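Participant: Please see the structure below; I have some questions.
The values are calculated or read from the model by the stated rules, or taken from the named source; none is laboratory data. Just so it is clear, the model here is predicted, and its values are computed rather than measured. Cβ atoms come from the backbone with ideal geometry, glycine included; neighbour counts cover every protein chain shown. Protein only, heavy atoms only, side chains kept; ligands, DNA and RNA dropped before computing areas. Shrake-Rupley method; radii C 1.70, N 1.55, O 1.52, S 1.80 Å.
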Amino acid sequence: MSADPQTPEPVKSEPSEIEKLAAQQDPGIIAEFWEFLRQEGKWWLIPILIVLLLLGVLAFLSTTGLAPFIYPVF
């Protein structure tokens, strides 16, 4: 089967703004959160996140062989 010689080829146009945004790579959650902090000025969130991260690390370490060394700290 051959193409009809009278059928015009589709016109290629510039990609729309939405297509350009869809083609961009995802910046990642940390970069996106940092940009949020910069734009919105929510700097009070940083100490909360640090404490939550430290508690998460402590919970993780309490399940390892380091637990006997962590408990005397408290």
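Participant: Would you check if residue 61 is surrounded by 10 or more Cβ atoms within 10 Å (Cβ to Cβ) and at pLDDT below 85?
Facilitator: Considered against the rule, which asks whether it is surrounded by 10 or more Cβ atoms within 10 Å (Cβ to Cβ) and at pLDDT below 85, residue 61 comes out as yes.
Participant: A further question on this structure: Taking the condition of being open to solvent by 100 Å² or more (accessible area, probe 1.4 Å) and not in a helix (DSSP H, G or I), how many residues in the range 14-53 meet it?
Facilitator: Total meeting the criteria: 6.
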